[in-house]
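Presented below is the structure to which this report refers.
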Amino acid sequence: MALNSVDDSLTYAYEKLANDEDSRACRDIPESACHQQPGNFIKQLIGSLGNKLADELASARLILPWLLGALGAPGWMIGLLVPIREAGSLLPQLLVAAFIRPLPQRKYAWAVGSLLQSVSALALSLIALYGSSSLGGGLVLAVLAILSLARGITSIATKDVLGKTIDKDRRGRLLGWSGSLAGAATLIAGVVIVLLGNHPNRSALAVLLAIAAIGWLLNALCALWLKEDAGATQGGRNALTIMGDGLRALRTDRNFLMFNLCRTLLLGSALSLPYMALLAQQNSDENLKGLGVLILISGVAGMLASPVWGKQADQGSHRVMRNAGLLAAAALALVTLLTLLPFAWLHTVWPYAALYAVMMVAHAGIRLGRKAYVVNLAGRDNRAMYVAMSNTTTGIMLLVLGVTIGWVTHGLGSTWALLLLTISLLLASLLAHRLPNAEASP
């Protein structure tokens, strides 16, 4: 009786959120999966809230730079945070997909990935309490590598489970509500960190990372709670075959090659964010209020900017990449200038917070523009291969650029690293300007 009551409650919540009173009429999933759709919709929504909150509280562009600064780790380690976080998810995607394909129920891969992320966040929490200097920083990077690999497993499995459990006509609504919850989670995280602002840096960071561990544990439990039918286990393409097709596309499709070069240079926005967070920390009186301000700004900027960039992308996603790249370059140039000027009012968190907001607006445009461009550039038959090859190429270049920026920071200082990233963004904008309009192509 209690079980029926839970199912009825989930169905009621689904019908209200999705504005769908005919919840068991589906076009492209089996009848058995359609019957379970209302419950699965709400379970995935709850899981996405835990995942997003955890992502914000263990962010490689905000929380972990702050942690490395509190540990007294060398500055060059800052440059490796985003490359390890992103490349660890992108590089193994083809292999992970081949591993997941034989599993009749992919929710278990989802749960394992989320559980590994939870354990990793707990390990980071312990490092925040007991780590120090280079050893503590090295442990942070090692744990982050494990966390990012687990993130890649979860990313692929969640998309597969979404396609099996939610009808095509309802997926947009699920993603829309997930986006709204993501924005709310970001704002909540920012408020919590502002309230913790007067606490010691390291103990407060340990609490935040422990909450991240709980968020990923919630995500894993929601995955196991799903009712997923067994799916097809045959017909997957070999990872090496897809890689070979991708390399041929880079040789024969000049626009695809130019796009990947442009995307690589646009990585300057992602790579600069940890440095901006570190500069804000160094000018925030050693408490977490500045970090909370940055997270609040990040959430608001993302929510406001994405719809504007999205509308522009429908007319020309290459122009979105160009304009967002120029905006990011301008913000980074001003940050570089701030590090050189002697004025006292510049040595507070607020100038860096304002420029961080501008960079987050630009970063949202860069992410949206390059996603739209590669999808529209490719044809229906080669779209998956184009996306996989572009992700793999980006993962490799992230590591290369991350090591390069770390070396420049260690040898010449962070000002030169920021200047190098500014130049890369300017070159990317020039390349984006020369790309053809994928939205206008047949």
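The values are calculated or read from the model by the stated rules, or taken from the named source; none is laboratory data. Predicted model only: the values in this text are computed from it and were never measured. Note that each Cβ is placed from the backbone with ideal geometry, even for glycine, and that neighbours are counted across all protein chains shown. Calculation scope for accessible area: heavy atoms of the full protein, side chains included, ligands and nucleic acids excluded. Shrake-Rupley method; radii C 1.70, N 1.55, O 1.52, S 1.80 Å.
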- Among the numbered conditions (1) at pLDDT 80 or above; (2) under 28 Å from residue 385 (Cα atoms), tell me where residue 30 comes up short. (1)
- Item | Qualifying residue in region 162-181 (condition: modelled with pLDDT under 70 and acidic (Asp, Glu)) | yes
- Task: Return yes or no: is residue 223 among the aliphatic types (A, V, I, L, M), closer than 30 Å to residue 385 by Cα and modelled with pLDDT of 70 or more?
- Result: yes
- When the residues of region 129-143 are filtered to those that are modelled with pLDDT under 95 and surrounded by 19 or more Cβ atoms within 10 Å (Cβ to Cβ), which remaining residue is nearest to the chain's Cα centre (by Cα)? 137
- Task: Starting from residues that are crowded, with 17+ Cβ neighbours inside 10 Å and over 20 Å from the mean Cα position of the chain (by Cα), keep the ones in region 284-311 and report whichever is modelled with the highest pLDDT.
- Result: 290
- Item | Selection status of residue 432, touching a His at 6+ places or on another chain (Cβ under 9 Å) and either open to solvent by less than 40 Å² (accessible area, probe 1.4 Å) or not polar (S, T, N, Q) (or both) | yes
- Message: Being open to solvent by 50 Å² or more (accessible area, probe 1.4 Å), out of contact with any strand residue (DSSP E or B) (no Cβ under 9 Å at 6 or more places or on another chain), of a type outside the set (Asp, Glu) and closer than 21 Å to residue 90 by Cβ is the requirement here; does residue 367 meet it?
- Response: yes
- With the condition kept exactly as written, say whether any residue in region 317-335 is under 29 Å from residue 74 (Cα atoms), of a type in the set (Gly, Ala, Ser), free of Cβ contacts under 8 Å to residues at least 40 places away in the same chain and open to solvent by 10 Å² or more (accessible area, probe 1.4 Å). yes
- Does residue 438 count as outside any helix (DSSP H, G or I) and either over 18 Å from residue 314 (Cα atoms) or in contact with a helix residue (DSSP H, G or I) (Cβ under 6 Å, 6 or more places away or on another chain) (or both)? yes
- Query: Of all residues in region 71-85 being surrounded by fewer than 24 Cβ atoms within 10 Å (Cβ to Cβ) and at pLDDT below 85, which is nearest to residue 282 (Cα to Cα)?
  - Reply: 75
- Note on the structure: Here the residues within region 405-419 that are open to solvent by 50 Å² or more (accessible area, probe 1.4 Å) and either charged (D, E, K, R) or in contact (Cβ under 8 Å) with a residue 60 or more places away in the chain (or both) are 407, 410, 419
